[in-house]
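Novice: Have a look at the structure that comes next, please.
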Amino acid sequence: MAAAAAPGALGTLRAGRARLAAACCARLGPGWRLPGFLRGPRVAPAMWARGWAPAAGGSAPRRGYSSDVKTEDELRVRYLEEENRGIVVLGINRAYAKNSFSKNLVKMLSKAVDALKSDKKVRTIIVRSEVPGVFCAGADLKERVKMNPSEVGPFVSKIRAVINEIADLPVPTIAAIDGLALGGGLELALACDIRVAASSAKMGLVETKLAIIPGGGGTQRLPRAIGVSLAKELIFSARVLDGQEAKAVGLISHVLEQNPEGDAAYRKALDLAREFLPQGPVAMRVAKLAINQGMEVDLVTGLAIEEACYAQTIPTKDRLEGLLAFKEKRSPRYKGE
């Protein structure tokens with residue numbers, strides 16, 4: 001590569017950036033070309049997102065649940081229908097344990113996420129609770145107290161892994177926090193792209209009260225969300241915030257007054273998901289990848305990643321459809337191709 005041939009420290013820096021951009025683009029599949037000074041040889045052309053099914057858009061207020069419950073008991077996976085087609089809802093349902101993470105729930109979440117990440121019909125995922133007043137109370141301490149010390153570390157690693165899998169989902173994810181989100185519950189929400197909460201919700205990383213620290217990504221994602229100093233203050237104090245306080249510090253994007261049904265945050269999340277549906281499916285996935293990868297590197301490398309990601313949208317049929325729809329003054333009909 002040209003970057004590798006550059007002399008001295010500049011060459012080393014460019015080579016490092018080239019590797020980062022290449023690693024990012026590799027996640028898009030074959031056929032990508034590095035931009036500008038990072039450009040390398042073109043590999044076999046193939047559109048990584050071919051075969052996506054179109055998803056209906058619209059903002060009708062109808063909430064169409066599919067009768068097809070993909071995972072039963074502690075986790076319910078629902079594919080919405082009609083105007084909401086393309087939206088999938090992950091509903092945690094452990095009322096007797098305040099939706100806390102058990103071995104079984106972690107296993108079910110991992111299985112559901114594994115299926116969703118390869119489903120090209122999925123456009124947006126909402127994570128919510130089906131238990132009134134609770135989002136997720138973190139680890140199941142009643143189960144934890146029965147574990148041998150040698151079991152605790154591996155189990156926490158499994159929780160961390162499934163939360164990381166949710167963070168790595170290729171489509172937009174929204175956490176609808178209508179109740180208590182403590183410890184691992186808040187870490188689950190932090191792994192989502194967008195968080196919305198009811199004003200009555202309670203959120204906090206409270207692990208230091210138990211003489212441990214957040215183990216599901218909280219020490220890393222909270223500072224990235226609200227800043228290092230404030231994140232330290234909240235973790236050191238184990239402070240719990242309500243919805244208004246969480247909005248004030250930037251922990252959540254929207255705060256709503258709770259409704260009589262107890263699902264104000266979910267309804268807002270559904271409204272946001274409907275806003276996402278009409279957009280180009282390939283563009284949505286590539287935009288998320290560009291943002292996520294770019295936030296972990298310096299600006300110059302981030303811009304190179306953006307350029308590489310943008311290049312993936314140029315040969316798509318959807319891009320041409322968008323231009324044609326603009327010319328004909330109609331809504332585009334994207335197919336994810």
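The values are calculated or read from the model by the stated rules, or taken from the named source; none is laboratory data. This structure is a prediction, so every number in the text was calculated from the model and none was measured. Using ideal geometry, Cβ is built from the backbone for each residue, glycine included, and neighbour counts are taken over all protein chains shown.
Okay, residues lined up against (1) under 30 Å from F276 (Cα atoms); (2) touching a strand residue (DSSP E or B) at 6+ places or on another chain (Cβ under 8 Å); (3) among the hydroxyl-bearing types (S, T, Y):
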{"position": "E81", "(1), (2), (3)": "yes, no, no"}
{"position": "V131", "(1), (2), (3)": "yes, yes, no"}
{"position": "E151", "(1), (2), (3)": "no, no, no"}
{"position": "A161", "(1), (2), (3)": "yes, no, no"}
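Novice: Name the residue, out of V77, V131, that is in contact (Cβ under 8 Å) with a residue 40 or more places away in the chain and surrounded by 21 or more Cβ atoms within 10 Å (Cβ to Cβ).
Specialist: Result of the check over V77, V131: V131.
Novice: Whether any residue in the stretch 199-209 is crowded, with 24+ Cβ neighbours inside 10 Å, closer than 14 Å to D242 by Cβ, in the same structural domain as L169 (by TED's automatic domain parsing) and out of contact with any Leu (no Cβ under 6 Å at 6 or more places or on another chain) is what I want to check.
Specialist: Within the stretch 199-209 (the criterion being crowded, with 24+ Cβ neighbours inside 10 Å, closer than 14 Å to D242 by Cβ, in the same structural domain as L169 (by TED's automatic domain parsing) and out of contact with any Leu (no Cβ under 6 Å at 6 or more places or on another chain)), the answer is yes, since at least one residue qualifies.
Novice: Let me ask something additional. Restricting the stretch 167-198 to residues that are of a type in the set (V, I, T) and surrounded by fewer than 23 Cβ atoms within 10 Å (Cβ to Cβ), which is nearest to N259 (Cα to Cα)? Outline the logic, then answer.
Specialist: Pass one, the stretch 167-198, residues of a type in the set (V, I, T): 171, 173-174, 177, 194, 196.
Those still in the list that are surrounded by fewer than 23 Cβ atoms within 10 Å (Cβ to Cβ) too: 171, 194.
Numbers: V171: 28, I194: 21 Å.
Checked the stretch 167-198; the qualifying residue nearest to N259 (Cα to Cα) is I194.
Novice: Modelled with pLDDT under 95, in a loop (DSSP other than H, G, I, E, B) and not assigned by TED's automatic domain parsing to the domain that holds N164: does that describe G302?
Specialist: Against the criterion (modelled with pLDDT under 95, in a loop (DSSP other than H, G, I, E, B) and not assigned by TED's automatic domain parsing to the domain that holds N164), G302 does not qualify.
Novice: Checking the structure you have, find out if any residue of the stretch 140-156 is closer than 30 Å to A287 by Cα, surrounded by fewer than 24 Cβ atoms within 10 Å (Cβ to Cβ) and modelled with pLDDT under 95. Explain how you work it out, then say what you get.
Specialist: Of the stretch 140-156, the ones closer than 30 Å to A287 by Cα are none.
Taking every residue of the stretch 140-156 in turn, none turns out to be closer than 30 Å to A287 by Cα, surrounded by fewer than 24 Cβ atoms within 10 Å (Cβ to Cβ) and modelled with pLDDT under 95.
Quick grid of which residues meet (1) of a type in the set (D, E); (2) at positive phi; (3) crowded, with 17+ Cβ neighbours inside 10 Å:
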{"position": "D271", "(1), (2), (3)": "yes, no, no"}
{"position": "G280", "(1), (2), (3)": "no, no, yes"}
{"position": "M284", "(1), (2), (3)": "no, no, yes"}
{"position": "E296", "(1), (2), (3)": "yes, no, no"}
{"position": "T301", "(1), (2), (3)": "no, no, yes"}
{"position": "C309", "(1), (2), (3)": "no, no, yes"}
{"position": "L320", "(1), (2), (3)": "no, no, no"}
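Novice: Would the stretch 234-241 turn up any residue that is of a type in the set (D, E, K, R), assigned by TED's automatic domain parsing to the domain that holds A161 and part of a loop (DSSP other than H, G, I, E, B)?
Specialist: Checked the stretch 234-241: at least one residue is of a type in the set (D, E, K, R), assigned by TED's automatic domain parsing to the domain that holds A161 and part of a loop (DSSP other than H, G, I, E, B).
Novice: If only one of I314, I291 is within 30 Å of A201 (Cβ to Cβ), free of Cβ contacts under 8 Å to residues at least 12 places away in the same chain and outside the structural domain of Y79 (by TED's automatic domain parsing), which one is it?
Specialist: Within the list I314, I291, the selection yields I291.
Novice: Right, next: Please state which one of A264, A191, A225 is over 30 Å from Q312 (Cα atoms), of a type in the set (G, A, S) and assigned by TED's automatic domain parsing to the domain that holds N93. Full working, then the answer.
Specialist: Values: A191 fails: over 30 Å from Q312 (Cα atoms); A225 fails: over 30 Å from Q312 (Cα atoms).
None of the others qualify; the one that does is A264.
Novice: Can you tell which of G250, G227, G215 is small (G, A, S), surrounded by fewer than 22 Cβ atoms within 10 Å (Cβ to Cβ), touching a helix residue (DSSP H, G or I) at 6+ places or on another chain (Cβ under 6 Å) and modelled with pLDDT of 95 or more?
Specialist: Only one candidate passes the filter, namely G250.
Novice: Give the residues of the stretch 90-114 that are surrounded by 14 or more Cβ atoms within 10 Å (Cβ to Cβ), in a helix (DSSP H, G or I) and under 18 Å from the mean Cα position of the chain (by Cα), sorted by residue number.
Specialist: Passing the criteria: V106, M108, L109, S110, K111, A112, V113.
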